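Worksheet for the structure shown next.
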Amino acid sequence: MKRRDVGAFVALLTLTGLSLGASYVPLGAWGMAVALGFAAIKVSVVAVVFMHLARSPRAEALFALGAVVVVAILVLLAAADVMTRT
């Protein structure tokens, strides 16, 4: 195993522990934002280290970014649908 992979694994375990710890802290309305922040950081670590997006050609990184944009649009549309229901 490479040293970089072990570092990413330790970072993911640490972030998971912090996420678990944050779930027991009464954050009120900020709870979801904190959880999504931890999730976004973990996704970034996985994409850069394990999917090798940092060293991949620009086209692959662009396709990965496009997928993230599509998912973000779908989440925003779903949230808008839920918020406009009566």
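The values are calculated or read from the model by the stated rules, or taken from the named source; none is laboratory data. Source: prediction; values computed, not measured. Counting neighbours? That spans all protein chains shown, and the Cβs are built from the backbone with ideal geometry, glycine included.
Looking across region 8-58, just one residue is under 24 Å from A79 (Cβ atoms), aromatic (F, W, Y) and either under 15 Å from the mean Cα position of the chain (by Cα) or surrounded by 14 or more Cβ atoms within 10 Å (Cβ to Cβ) (or both), and that is F38. Within region 36-86, the set of residues being part of a helix (DSSP H, G or I) and among the basic types (K, R) comprises K42, R58. Just give me the residues in region 50-86 being modelled with pLDDT of 90 or more and of a type in the set (D, E), in sequence order. Passing the criteria: only D81. Within region 41-86, the residues that satisfy the criterion of being hydroxyl-bearing (S, T, Y) and under 30 Å from F9 (Cβ atoms) are S44, S56.
Picking from S44, S56, S23, S19, which residue would you name as being touching a Phe, Trp or Tyr at 6+ places or on another chain (Cβ under 7 Å) and without any contact (Cβ under 8 Å) to a residue 40 or more places away in the chain? Spell out how you get there, then give the answer.
Working: S44 fails: touching a Phe, Trp or Tyr at 6+ places or on another chain (Cβ under 7 Å); S56 fails: touching a Phe, Trp or Tyr at 6+ places or on another chain (Cβ under 7 Å); S23 fails: touching a Phe, Trp or Tyr at 6+ places or on another chain (Cβ under 7 Å).
Going through S44, S56, S23, S19 in turn, the sole match is S19.
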